[in-house]
Amino acid sequence: SQELEQSPQSLIVQEGKNLTINCTSSKTLYGLYWYKQKYGEGLIFLMMLQKGGEEKSHEKITAKLDEKKQQSSLHITASQPSHAGIYLCGADISNNDMRFGAGTRLTVKP
Amino acid sequence: NAGVMQNPRHLVRRRGQEARLRCSPMKGHSHVYWYRQLPEEGLKFMVYLQKENIIDESGMPKERFSAEFPKEGPSILRIQQVVRGDSAAYFCASSPEGHEQYFGPGTRLTVT
């Protein structure tokens, strides 16, 4: 059921560095969601994007949805160890049909 | 290695009936998560189970909803005495160790 291309699969950055995670689909996305997974916990909802060109920010995390609504990026500014985890994108590709990326494992080195 | 399987894909129940949603994790996975799809949040966490144990059920409604993951067989999400507000898509995910989650295709429950 993971039909969104998410990249990179894993990412190791030094604390304080910026990073970007991408989520791409060949189909138009009707709703794009970003989540964070922590070990042994359910998904933590980060942001939802619906409109082409939309951009949302929460603290140091910014997510964008391109004009064509086929690609989204998640950008973290000045990463901290607390940002470490697995980031997952999910999207509505048709009426109530949801698909997921494979996740990006982020490690932040102090 | 087959992916996470959920059945049925579509389930129609009348108000007051019971709904049973099944999730077969990927081979070797002993962790299962259940989510409900909400319009503005995508997935809303319901419960996290390991084999024969409920680890976290903080997202489960206190009444009518229950989940199990027996030693043998699929994980089951049970909704008793369904109401129209239970209509939604329910997704499960499995994980080998509690980290990466692999999602099933979902079960769409319609309560008439």
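The values are calculated or read from the model by the stated rules, or taken from the named source; none is laboratory data. Since the model is a prediction, treat every value here as computed from it, not as a measurement. Positions of Cβ are generated from backbone atoms using ideal geometry, with glycine treated the same way; all protein chains shown enter the neighbour counts. These accessible areas exclude ligands, DNA and RNA; they are computed on the full protein's heavy atoms, side chains included. Shrake-Rupley method; radii C 1.70, N 1.55, O 1.52, S 1.80 Å.
At 37 °C and 0.692 mPa s, what whole-number value in µm²/s does Stokes-Einstein give for the translational diffusion of chain B, with Rh from the Kirkwood sum over Cα pairs?
Rounded to a whole number, D works out at 237 µm²/s.
Report the B-A buried area as the accessible area lost on both sides summed, probe 1.4 Å, in Å² to the nearest 100.
Interface between B and A: roughly 1900 Å².
Ignoring ligands, DNA and RNA, please state the percent of accessible area on the stretch B:54-112 from carbon and sulfur, probe 1.4 Å.
After summing per-atom areas, the C and S share lands at 47 percent.
Using a Förster radius of 45 Å, what is the FRET efficiency between B:A2 and A:A78 based on their Cβ-Cβ separation? Nearest 0.05, please.
Calculated value: 0.60.
Before I look further, what does chain B give for accessible area per residue, probe 1.4 Å, in whole square angstrom?
Solvent-accessible surface per residue comes out at 50 Å².
Quantify, in whole percent, the carbon and sulfur part of the accessible surface of the stretch A:1-44 (1.4 Å probe; protein heavy atoms only).
It is 43 percent, rounded to a whole number.
Which trypsin sites (Lys or Arg not before Pro) in the stretch B:56-112 sit in a loop by DSSP (not H, G, I, E or B) and have at most 14 other Cβ atoms within 10 Å of their own Cβ?
B:K62, B:K71
Quote to one decimal, in nm, the extra length available between B:I54 and B:R20 on full extension: 0.36 nm per residue of separation minus the C-alpha distance between them.
Fully extending the segment from B:I54 to B:R20 adds 10.5 nm.
Please name which of A:M47, A:L11, A:I21 has its Cα lying farthest along the dipole of the stretch A:1-53 towards the positive end, using unit charges on Cβ (Lys, Arg +1; Asp, Glu -1) and the Cα centre as origin.
A:M47
Using unit Cβ charges (K, R positive; D, E negative) and no other charged atoms, how large, in debye to the nearest 20, is the dipole of the protein assembly as shown about its Cα centre?
Taking the Cα centre of the protein assembly as shown as origin, the dipole is about 480 debye.
Under the Karplus relation 6.51 cos²θ - 1.76 cosθ + 1.60, θ = phi - 60°, what is the ordered set of whole-Hz ³J(HN,Hα) values for the stretch B:69-86, x standing for Gly and Pro?
Each residue of the stretch B:69-86 in turn: 9, x, 4, 10, x, x, 7, 10, 9, 10, 10, 8, 6, 4, 10, 4, x, 7 Hz.
What does the charge dipole of chain B about its Cα centre add up to, to the nearest 20 debye, if the Cβ of each Lys and Arg holds +1 and the Cβ of each Asp and Glu holds -1?
In total the dipole reaches around 600 debye.
Accessible area per residue for chain A in Å², computed with a 1.4 Å probe and the full protein assembly in place, what is it?
Per residue, chain A has an accessible area of 49 Å².
Any residues in the stretch A:30-65 that have 50 Å² or more less accessible area with all protein chains than in their chain alone, probe 1.4 Å, and which are they?
Buried-area filter returns A:Q37, A:Y39, A:G40, A:L43.
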